[in-house]
Amino acid sequence: MPKPKNFQQIGGRLTGEVMQSYMESFEQGFLQGITRYGVDVLDISRNQSGEWFVKIRERDGQAEEILQFDKIVLCTGVSIDYSP
């Protein structure tokens, strides 16, 4: 990740906007078609062979799916509901 142009002005810290821009750029460059949005993760497990299983449910329905991966990246964040 390159340093932002105003790195010294912001005290060497990354702003939320800079981090968001970087994460979106990374996703576009390396994770296109892999990243899933709009799902709830119900369970993450690993078998003895080291394979990961992620159980998800689409937020707009009740369909559940189990995905299998060699590696996973767990990123937590805040979900904000702006509906009245």
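Key figures
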{"quantity": "Qualifying residue in segment 5-22 (condition: under 17 Å from residue 75 (Cβ atoms), at pLDDT below 90 and touching a helix residue (DSSP H, G or I) at 6+ places or on another chain (Cβ under 7 Å))", "calculated": "no"}
{"quantity": "Test: residue 73 is in a strand (DSSP E or B), under 12 Å from the mean Cα position of the chain (by Cα) and at pLDDT below 95", "calculated": "no"}
{"quantity": "Members of segment 7-30 that are open to solvent by 60 Å² or more (accessible area, probe 1.4 Å) and part of a loop (DSSP other than H, G, I, E, B)", "calculated": "8, 9, 13, 14"}
{"quantity": "Single residue of segment 32-75 satisfying the filter (open to solvent by less than 60 Å² (accessible area, probe 1.4 Å) and free of Cβ contacts under 8 Å to residues at least 12 places away in the same chain) that is farthest from residue 20 (Cα to Cα)", "calculated": "47"}
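The values are calculated or read from the model by the stated rules, or taken from the named source; none is laboratory data. What you are looking at is a predicted structure, and each value in this text was computed from that prediction instead of being measured. Heads up, the Cβs are rebuilt from the backbone with ideal geometry, glycines too, and the neighbour counts pull from every protein chain shown. We work out accessible area using only protein heavy atoms, side chains counted, and drop any ligands, DNA or RNA first. Shrake-Rupley method; radii C 1.70, N 1.55, O 1.52, S 1.80 Å.
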